[in-house]
Amino acid sequence: MIDIMSGVLLASAYPLESGQMHSKQSGRYDVVKTLPKETDTIATMFTYARVEGNLRMAYIHNAYAARHSSALSVGGRFGFHTASYQGVNLHVNATTSQRIAQLNPSRYSLAHDFFDARGESFTYISHANVQYNSTNVSLKVGRLNLNTPYLDADDIRMAANSFEGVSLSYRSGTNVTLNTLYVTRWAGYDSGANQHEFTPLTPDGLGVGALGVTFAPNDENRASLWYYHADAMSHILYAEYSGHYNIADDFHIEYGVQGSYMAAIENSQVEGIVVGVMGIVDYGPMFLGLSYNRAGVNENEHITNGFGGGPYYTSLDEATLGALSEHAVGEDVMAFRVGVGYEVRNSGLVIEAVYGNLRSRHNEVNVKESDLILTYALNTAVLVKASVMSYRMHDGSRDLKRGMVRVEYNF
């Protein structure tokens, strides 16, 4: 797995599993820095600059109880990063999503997943930062790609989330990594209807600061602890331990436990406790996963996903624990997710079927969702992802069926 936005290679002692059920298991991987080419002068930083990005085409169809909507978009992320001088380099990317009128329906039937609030195309500078990298230190200032428990890219449409601020990582030896960051604004699919505009993370606050420490004693286990101060929203403390138990060459088990504590700031009502467990059994090309989350809140309170897809093990294509809690304010919420998958060996094809149920304590809100997901990596550059989703709320107030296909070429 390669995170092409940050230039970081994720490596593991075991084969990298794909698919939605493995999407929250970042604790399995070691982080191996891939440093830019070094130059002797500032002038040659740009001479040896490298072009990077991905070209995307995506189609989506949403079927609600009363109407249908669809969209097709062509775009992606295009940019460069310079060579490094004394460890310093420049990284710039533009993200675009273009609506081709002849290939899209009328405004009334147009899905806005890929476009702005008016259904228009957009282009914006999603990443623009100065970086300093050495063997143990990584410092970034500007518009950044982040993937932490409560601040993450959540790259599920045309525009992944990106953030404005500063991020610093320090790796102590081979086992411990320290992270600190402070961000004030964000853009991307989760940021709002006009996803190409950088807006404050907390409307009445100064931004979000975070401190994190990760301890990885070996390739198979990882423990992490994070603290977030989301100004005018909440203090968030998050802890996770994930591991990998090898039984035989073709048989292993992945597991994880997570916990989060939120304390409201300035009567924001974002307060509660979340716990979760997950397990995935991988036997040959087959894998079977089960996960559970529960959140406890007091009257008039709810929990949050944070800024992105959230860290919870039970997240589905549409339904998440944080979104459910916001619809059931003052009630404890719980969720489970079960799924089965098959990886066609030596083909790049992974097929998954996932089912989840999320509900509040007194069933005031009860959501059931089924996902069928196909991921096909033709090679290291071409990736196809297709999904069919069925989402149903118990009272029929929000029933949705969705199909989506996204093809991308990475370079």
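The values are calculated or read from the model by the stated rules, or taken from the named source; none is laboratory data. Bear in mind the structure is a predicted one, so any value in this text is a computation, not a measurement. Note that we place each Cβ from the backbone using ideal geometry, even for glycine, and neighbour counts take in every protein chain shown.
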State whether the residues of the stretch 286-293 include one that is farther than 22 Å from TYR228 by Cβ, among the hydroxyl-bearing types (Ser, Thr, Tyr) and modelled with pLDDT of 95 or more. yes
Among the residues of the stretch 38-54, is any farther than 21 Å from TYR132 by Cα and either in contact with a helix residue (DSSP H, G or I) (Cβ under 6 Å, 6 or more places away or on another chain) or surrounded by 15 or more Cβ atoms within 10 Å (Cβ to Cβ) (or both)? yes
Could you tell me whether the stretch 316-329 includes any residue that is assigned to a strand (DSSP E or B) and hydroxyl-bearing (Ser, Thr, Tyr)? no
Looking at (1) surrounded by 15 or more Cβ atoms within 10 Å (Cβ to Cβ); (2) in contact (Cβ under 8 Å) with a residue 40 or more places away in the chain; (3) within 20 Å of ILE280 (Cβ to Cβ); (4) out of contact with any helix residue (DSSP H, G or I) (no Cβ under 8 Å at 6 or more places or on another chain), which is the one condition that is false for LEU324? (3)
When residues of the stretch 291-321 are filtered for being aliphatic (A, V, I, L, M), closer than 25 Å to ILE280 by Cα and within 19 Å of the chain's Cα centre (by Cα), how many remain? 3
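Find the residue count for the stretch 46-87, including only residues that are in a strand (DSSP E or B), of a type outside the set (S, T, N, Q) and in contact (Cβ under 8 Å) with a residue 60 or more places away in the chain. Walk me through how you get there before you give the answer.
The initial filter retains those residues of the stretch 46-87 that are in a strand (DSSP E or B), namely 50-64, 68-81, 84-85.
Still in the list and also of a type outside the set (S, T, N, Q): 50-53, 55-61, 63-64, 68, 71-72, 74-81, 85.
Remaining after also requiring in contact (Cβ under 8 Å) with a residue 60 or more places away in the chain: 51-53, 55-61, 63-64, 75-77, 81.
Looking only at that region, the number is 16.
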The number of residues in the stretch 103-120 that are of a type in the set (Phe, Trp, Tyr) and at pLDDT 95 or above is 2
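Quick check on LYS385: is it touching a Leu at 6+ places or on another chain (Cβ under 8 Å) and either closer than 29 Å to MET233 by Cα or in contact (Cβ under 8 Å) with a residue 12 or more places away in the chain (or both)?
Numbers: touching a Leu at 6+ places or on another chain (Cβ under 8 Å): yes; either closer than 29 Å to MET233 by Cα or in contact (Cβ under 8 Å) with a residue 12 or more places away in the chain (or both): yes.
Yes: the conditions hold for LYS385.
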Please go through (1) out of contact with any helix residue (DSSP H, G or I) (no Cβ under 7 Å at 6 or more places or on another chain); (2) in a strand (DSSP E or B); (3) surrounded by fewer than 24 Cβ atoms within 10 Å (Cβ to Cβ) for GLY339 and return the number of the only condition it doesn't satisfy. (1)
Yes/no for ASN93 being under 30 Å from THR47 (Cβ atoms), of a type outside the set (Gly, Ala, Ser), assigned to a strand (DSSP E or B) and touching a helix residue (DSSP H, G or I) at 6+ places or on another chain (Cβ under 9 Å): no
Hey, does the stretch 108-126 have a residue that's under 12 Å from SER70 (Cα atoms), out of contact with any helix residue (DSSP H, G or I) (no Cβ under 6 Å at 6 or more places or on another chain), outside any loop (DSSP other than H, G, I, E, B) and not hydrophobic (A, V, I, L, M, F, W, C)? yes
Which condition does GLY330 not pass, out of (1) closer than 30 Å to TYR64 by Cβ; (2) surrounded by fewer than 22 Cβ atoms within 10 Å (Cβ to Cβ); (3) within 21 Å of the chain's Cα centre (by Cα), if it passes all the others? (3)
Report the residue count in the stretch 122-136 for those that are surrounded by fewer than 22 Cβ atoms within 10 Å (Cβ to Cβ) and either without any contact (Cβ under 8 Å) to a residue 24 or more places away in the chain or polar (S, T, N, Q) (or both). 5
